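Written below as structure tokens is the structure these notes are about.
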Amino acid sequence: MQRNEGKIVIVTQERPDQGMVNEGDSRPLPAIRCRSLIRRYGDVTAVDGLDLEIPRGECFGLLGPNGAGKTTTVEILEGINTPDSGSVEILGSRWGEGNDRGLRERLGVQLQETRFAERLTVEETVGLFRSFFRFGPEVKEIIRTVELTEKRSTRVVNLSGGQKQRLALACAIVGDPEILFLDEPTTGLDPQARLKFWELIEAFRKREVTVMLTTHYMEEAARLCDRVAIMDRGRVIALDRPSALVESLGGRQMIEFRVAEGFDGTALESLPGVSSVSARNGDYLLAVSHVAEVLPLLMSEIRRQGLHLVNLSTHQATLEDVFIQLTGRKLRDV
Ligand SMILES: Nc1ncnc2c1ncn2[C@@H]1O[C@H](COP(=O)(O)OP(=O)(O)O)[C@@H](O)[C@H]1O
Ligand SMILES: [Mg+2]
């Protein structure tokens, strides 16, 4: 940045190439690697022994309910929170080994909540954040990337929720990051604003920026992420491609039902075509290969017990069903 007749002039430079491979080893360094991370707050273990390895260019999702430890995890990876134990390597470097500034310049961080100065315009806000970084695109280009060009002269206070989130994204990409961290980027947005945000993230994926996002929206994880770690109570309880996680249920369709009191569900597991059964508070969830084959068998089992259905619905299996099967709870129960 240079001062020029009272105006801030940002000098755009290309970032020099950084080490990309392990020494003595031709494999590319992973973007993010952590081992046995633990972070406690008093009696609460927010992160409870976390191992992750995320290759460059991947869009990786941490999916879990409120309180699962997602924010604490990303804050540790971003170097703004310190684990009680465990190791973190970001682009091959560790925090606190004399290279924090250089490392920070290669990361883009969107915190779970961002408070901007309300009286500043979009352009002034992005310009301010841009001035903290030596390398990166021009302010105009950043604003165009997040589709706020029409709002460039609007004050922050007059932006909609979706526009504010896109401004937060703009501020995260001012340094042309190699890794972009997004903590619950679409929480509280209406469906249309969420869709627009997803399109922006998809554009980053195409540019092979490594993206790590946290969410409690399974649709978001399923749509955007190459791989998803389902997190609960500080631990990763499943990690795979979204489609593989759903396939792990054994059936692509789900039957959700409730029977009048006194129902004994032990026979459900052995009904032909049923691959998994979960029950919570009297609601049953079956993963099945073909709804039409299982339904008559289920109805006759209920009749055999002299009971009747209270309700029943079917749907395509989702990551939410995976979470329910693993924990007996819904993602949004907490
Ligand atoms: N600064 C803090 N002090 C005390 N407890 C905290 C703090 N930050 C997070 N926690 C607790 O750690 C757990 C994980 O929180 P968090 O990482 O924010 O989860 P998530 O982002 O998945 O909602 C929660 O039980 C939360 O209350
Ligand atoms: Mg959080």
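The values are calculated or read from the model by the stated rules, or taken from the named source; none is laboratory data. All figures in this text were calculated on a predicted structure; none of them were measured in a lab. Note that each Cβ is placed from the backbone with ideal geometry, even for glycine, and that neighbours are counted across all protein chains shown. In case anyone asks, the SASA skips ligands and DNA or RNA and just uses the protein heavy atoms, side chains included. Shrake-Rupley method; radii C 1.70, N 1.55, O 1.52, S 1.80 Å.
Once the Cα-Cα distance is subtracted from the 0.36 nm per residue extended length, the SER131 to ASN99 segment shows a gain of 9.5 nm.
Suppose R0 equals 51 Å. What FRET efficiency, 1/(1 + (r/R0)^6) with r the Cβ-Cβ distance, do SER275 and GLU138 give to the nearest 0.05? Kindly include the intermediate steps, with their values, before the conclusion.
On the way: r = 54 Å, r/R0 = 1.05.
Calculated transfer efficiency: 0.40.
In plain terms, the chain from ASN158 to GLU208 could stretch by 14.7 nm, reckoned as 0.36 nm per residue minus the Cα-Cα distance.
The Cα center of the stretch 296-312 and the Cα center of the stretch 89-146 differ in position by 58 Å.
Taking N as the number of residues in the chain, what is its Cα Rg relative to 2.2 N^0.38 Å?
Rg over 2.2 N^0.38 Å, computed on Cα atoms: 1.18.
Per residue, the chain exposes an accessible area of 50 Å² to a 1.4 Å probe, with every protein chain left in place. Per residue, the convex hull spanned by the alpha carbons of the stretch 228-285 comes to 98 Å³.
Over all orientations, the stretch 42-95 has a Cα convex hull whose mean projected area works out to 4.3 square nanometres.
Using a cut-off of 22 Å between Cα atoms, the listed pairs LYS164/LYS330; LYS70/LYS140; LYS140/LYS196; LYS196/LYS330 include LYS164/LYS330; LYS70/LYS140; LYS196/LYS330 as exceeding that distance. FRET efficiency for the ARG35 to ASN66 pair, using the beta carbon distance and R₀ = 25 Å, is estimated at 0.45.
Order THR73, THR154, most accessible first, counting only protein heavy atoms with a 1.4 angstrom probe. If you can, show how the numbers build up before the last one.
Values: THR73 0, THR154 35 Å².
From most accessible down to least: THR154, THR73.
A run of the chain free of exposed loop cleavage sites, with chymotrypsin sites (Phe, Trp or Tyr not before Pro) counted only in DSSP states other than H, G, I, E and B and at most 16 other beta carbons within 10 Å, reaches its longest extent at 136-334.
Tell me, in nm to one decimal, what length is gained between THR266 and ASP51 on full extension, where the rule is 0.36 nm per residue of separation less the Cα-Cα distance? Walk me through the intermediate numbers first.
Numbers: separation 215, 0.36 × 215 = 77.40 nm, distance 3.59 nm.
Taking THR266 through ASP51 to full extension adds about 73.8 nm, to one decimal.
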